[in-house]
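Notes for the one structure printed next.
The values are calculated or read from the model by the stated rules, or taken from the named source; none is laboratory data. Everything numeric here is computed off the predicted structure, so don't read it as measured data. Positions of Cβ are backbone-derived with ideal geometry, glycine not excepted, and every protein chain shown enters the neighbour counts. Accessible surface is based on the protein model in full, side chains and every heavy atom, while ligands, DNA and RNA are left aside. Shrake-Rupley method; radii C 1.70, N 1.55, O 1.52, S 1.80 Å.
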Amino acid sequence: QVQLVESGGGLVQPGGSLRLSCAHSGGILSISVMGWYRQAPGKQREWVASITPGRTINYADAVKGRFTISRDNTKKGVYLQMNSLRPEDTAVYYCNTCPTRGTYWGQGTQVTVSS
């Protein structure tokens, strides 16, 4: 059974940093393209970043240069280092495959950027 559990969110001031973690159940996820997504209040969920098994990486323009995605298959984890956070980064952050699978969505982790 596929499981994805996000953690690491919190309240941070503008300009601050957070590191999100996604613990997964391994198996097919270790050979899948994995992505981070976010959903801000009143907005649709959007793609943030993705990483292939070979570690080819892509970022949304809104986070390029500030966020870094990584993965460690031995630890069954996908990570998102977020620096220079802005209020507009406030959202619930999720991990999933890329493209997404509806049944894989977890509970997400809330990131709030506010002074």
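Worth pointing out:
- Taking the Cα centre of the stretch 12-96 as reference, the dipole from Cβ charges on Lys and Arg (+1) and Asp and Glu (-1) amounts to some 140 debye.
- Selection from GLY15, THR74, PRO41, by position along the positive dipole direction of the chain (Cβ): THR74
- In this structure the chain gives 52 Å² per residue of accessible area when probed at 1.4 Å with all protein chains present.
- Euclidean distance between Cα centres, the stretch 73-115 to the stretch 1-65, Å: 4
- Given a 1.4 Å probe and the protein chains as shown, LEU11 ends up with an accessible area of around 130 Å².
- Cysteines, the chain, no other Cys beta-carbon under 4.7 Å: CYS98
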